[in-house]
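Data block below; observations after.
The values are calculated or read from the model by the stated rules, or taken from the named source; none is laboratory data. Note that this is a predicted model, so its numbers are computed, not measured. When we count neighbours, we look across all protein chains shown, and the Cβ atoms used for this are built from the backbone with ideal geometry, even at glycine.
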Amino acid sequence: MRIQVLGEVAQPGAYTVSPSATLFSSLYYFNGPTTLGSLRDIQLIRRGKKVASIDFYDYLLTGKKPKDQKLQLDDVIFIPRRLKTVTIEGEINRSGIFELKPEESLANLITMAGDLKITAYLDRSQIDRIVPFEDRAKLGMDRMYTDVNLEQVLKSKDGLPLQDGDRIQVFSVLDLRQNVVGLRGAVTRPGSYDLGESLKISELINKADGLLGDAYLERVDVVRVKGDFTEQLIKLDLSKVLEGDIENDIELRGLDRVRVYGMTEMVPKTYVSINGNVKRPGRFLLQENMTLYDLIFKAGGYVDEEYKKLTYLKRAELVRVSKDSDEKEIIPFNLGLVLDKQGIANTALRTDDAIRIYSVNEIEGDTRYVSISGHVKRPGQYELFAGNMTLYDLIFKAGGYVDEE
């Protein structure tokens with residue numbers, strides 16, 4: 001069966017279709033409208049009269065076929081130009097470009113686009129509008145922005161008419177939470193907490209499963225955001241807060257930030273150091289009851305006998321800052337005795353103590369020498385071979401005695 005297809009299609013003309021074809025199924029024969037064609041008013045013309053029209057959006061948006069019409073010989077399917085086209089984006093479930101009928105409004109567009117996301121901000125959305133030709137001279141502009149209250153639009157009967165080319169931006173609500181307070185520092189569970197109907201500092205600390213053991217009880221800070229967005233620092237006594245003192249255990253407000261300090265951050269960490277002929281030189285955290293021997297052990301110790309042989313055991317040094325001034329003093333000690341846990345091995349270390357360990361080469365040099373002078377041919381210094389070198393070997397190296405005339 002032959003039909004005619006005209007209007008905004010890629011190849012207008014005559015098409016042969018199945019005798020059982022309908023207006024809806026015929027779209028597959030000519031691949032539907034072009035981008036300039038309308039999906040909202042696909043017309044069936046029979047003997048010069050419009051006998052049916054389908055809105056393809058009904059099928060696209062609901063999955064239900066529209067009221068269809070069976071085709072007859074020489075029927076004409078006409079695709080008119082696309083109706084007004086608008087774009088919607090942002091906090092909408094189905095962002096995109098939509099074709100609207102003359103009577104359809106922003107409210108209808110939102111329904112077509114799958115409704116607003118839960119994060120949509122209703123008090124203000126924005127329309128980027130191209131000013132119609134006839135209004136440009138009067139307004140003195142080609143484009144304009146229009147702010148829209150979505151809550152009012154959704155409640156109104158007309159739903160706000162739109163114009164061809166409108167671009168609607170739906171904004172998101174802010175990430176700011178008004179009904180929370182923040183808690184950090186020396187508490188078991190720092191984080192953000194619901195303010196509820198009312199919340200005091202002591203109740204907030206209880207919500208966080210209490211304080212840590214090192215909590216500093218003489219002070220707790222509350223940072224409060226004022227109406228002009230400046231911040232106010234409120235200083236309170238934490239011990240009195242826990243006792244329920246009215247002046248200190250104050251009611252919290254939305255966006256308050258509570259800071260509980262810990263002793264570990266009030267008192268800085270202290271370190272000691274060890275350098276020289278040790279396996280792990282560097283700085284170490286000073287711990288309670290830490291001794292001279294403990295630091296040497298942490299630096300690798302001298303279990304390795306071969307490594308120990310390269311270490312000068314007769315003297316090492318402890319450099320210590322005086323308690324009464326910034327001057328430093330050197331305390332020499334016998335490293336061999338300390339390694340046997342004797343001497344000053346159990347001396348308690350203090351902040352900034354530094355230990356210096358020497359190698360044998362640093363003290364005695366890489367090569368040791370002996371010298372010979374007098375009635376020999378080549379007086380001078382000669383390398384000492386400590387293992388088995390004798391006086392005869394030294395004289396031999398010096399060329400022997402000078403020959404008598």
For K65: the one exception among (1) surrounded by fewer than 16 Cβ atoms within 10 Å (Cβ to Cβ); (2) in the same structural domain as L150 (by TED's automatic domain parsing): (2)
Considering residues of the stretch 10-34 that are touching a residue at least 24 places away in the same chain (Cβ under 8 Å) and part of a strand (DSSP E or B) only, the residue nearest to Q72 (Cα to Cα): T22
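The rows are residues; the columns are (1) at pLDDT below 90; (2) under 58 Å from the mean Cα position of the chain (by Cα); (3) surrounded by 12 or more Cβ atoms within 10 Å (Cβ to Cβ).
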{"position": "T34", "(1), (2), (3)": "no, yes, yes"}
{"position": "G37", "(1), (2), (3)": "no, yes, yes"}
{"position": "L44", "(1), (2), (3)": "no, no, yes"}
{"position": "V51", "(1), (2), (3)": "no, no, yes"}
{"position": "L60", "(1), (2), (3)": "yes, yes, no"}
{"position": "K70", "(1), (2), (3)": "no, no, yes"}
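Out of everything in the stretch 174-208 that is among the acidic types (D, E) and farther than 21 Å from T119 by Cα, what residue ends up being surrounded by the fewest Cβ atoms within 10 Å (Cβ to Cβ)? Break it down into steps so the answer makes sense when it comes.
Keep residues of the stretch 174-208 that are among the acidic types (D, E), which gives 175, 194, 197, 203.
Then keep just the ones that are farther than 21 Å from T119 by Cα; that gives 197, 203.
Numbers: E197: 4, E203: 15.
Filtering first and then ranking leaves E197.
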Options L238, L212, L233: the member that is closer than 17 Å to G185 by Cα and more than 31 Å from the chain's Cα centre (by Cα): L238
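Filtering the stretch 242-267 down to residues that are closer than 13 Å to A215 by Cα and surrounded by 14 or more Cβ atoms within 10 Å (Cβ to Cβ), which residue is nearest to the chain's Cα centre (by Cα)? Talk me through it step by step, then tell me what you get.
Of the stretch 242-267, the ones closer than 13 Å to A215 by Cα are 242, 259-267.
Those still in the list that are surrounded by 14 or more Cβ atoms within 10 Å (Cβ to Cβ) too: 242, 259-262.
Values: L242: 35, R259: 22, V260: 24, Y261: 25, G262: 26 Å.
So the residue we want is R259.
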Failed condition for R280, given (1) in contact (Cβ under 8 Å) with a residue 40 or more places away in the chain; (2) surrounded by fewer than 17 Cβ atoms within 10 Å (Cβ to Cβ): (1)
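Considering only the stretch 239-315, give the strands (runs of 3 or more DSSP E) lying wholly within it that have at least 2 residues that are of a type in the set (K, R). Break it down into steps so the answer makes sense when it comes.
Numbers: elements: 257-262, 271-276, 282-285.
Because the criterion is at least 2 residues that are of a type in the set (K, R), the strands (runs of 3 or more DSSP E) in the stretch 239-315 that meet it are 257-262.
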Some residue of the stretch 316-333 being part of a loop (DSSP other than H, G, I, E, B) and at pLDDT 90 or above: no
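Within the group I92, I168, I118, I127, which residue is of a type in the set (V, I, T) and closer than 30 Å to L252 by Cβ?
Numbers: I92 fails: closer than 30 Å to L252 by Cβ; I168 fails: closer than 30 Å to L252 by Cβ; I127 fails: closer than 30 Å to L252 by Cβ.
I118 is the lone residue from the list that is of a type in the set (V, I, T) and closer than 30 Å to L252 by Cβ.
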Set Q163, Q169: member being at pLDDT 95 or above and either surrounded by 13 or more Cβ atoms within 10 Å (Cβ to Cβ) or within 23 Å of P102 (Cβ to Cβ) (or both): Q169
Entirely in the stretch 341-389, the strands (runs of 3 or more DSSP E) that have 2 or more residues that are farther than 29 Å from L292 by Cα and either modelled with pLDDT of 85 or more or assigned by TED's automatic domain parsing to the domain that holds T291 (or both): 369-372, 380-383
Condition check for F78: assigned to a strand (DSSP E or B), of a type outside the set (A, V, I, L, M) and in contact with a helix residue (DSSP H, G or I) (Cβ under 6 Å, 6 or more places away or on another chain): no
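For the stretch 81-119, how many residues are part of a strand (DSSP E or B) and either touching a helix residue (DSSP H, G or I) at 6+ places or on another chain (Cβ under 7 Å) or in contact (Cβ under 8 Å) with a residue 60 or more places away in the chain (or both)? Walk me through how you get there before you give the answer.
The first filter runs over the stretch 81-119 and keeps only residues part of a strand (DSSP E or B), leaving 81, 84-90, 92, 96-100, 105, 116.
With the extra rule that they be either touching a helix residue (DSSP H, G or I) at 6+ places or on another chain (Cβ under 7 Å) or in contact (Cβ under 8 Å) with a residue 60 or more places away in the chain (or both), the set shrinks to 81, 84-90, 92, 98-100, 116.
Counting residues in the stretch 81-119 that are part of a strand (DSSP E or B) and either touching a helix residue (DSSP H, G or I) at 6+ places or on another chain (Cβ under 7 Å) or in contact (Cβ under 8 Å) with a residue 60 or more places away in the chain (or both) gives 13.
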Residues located in the stretch 125-142, provided they are within 43 Å of the chain's Cα centre (by Cα) and surrounded by fewer than 12 Cβ atoms within 10 Å (Cβ to Cβ): D142
Verdict on D123 being out of contact with any Ser or Thr (no Cβ under 8 Å at 6 or more places or on another chain) and under 19 Å from S156 (Cα atoms): yes
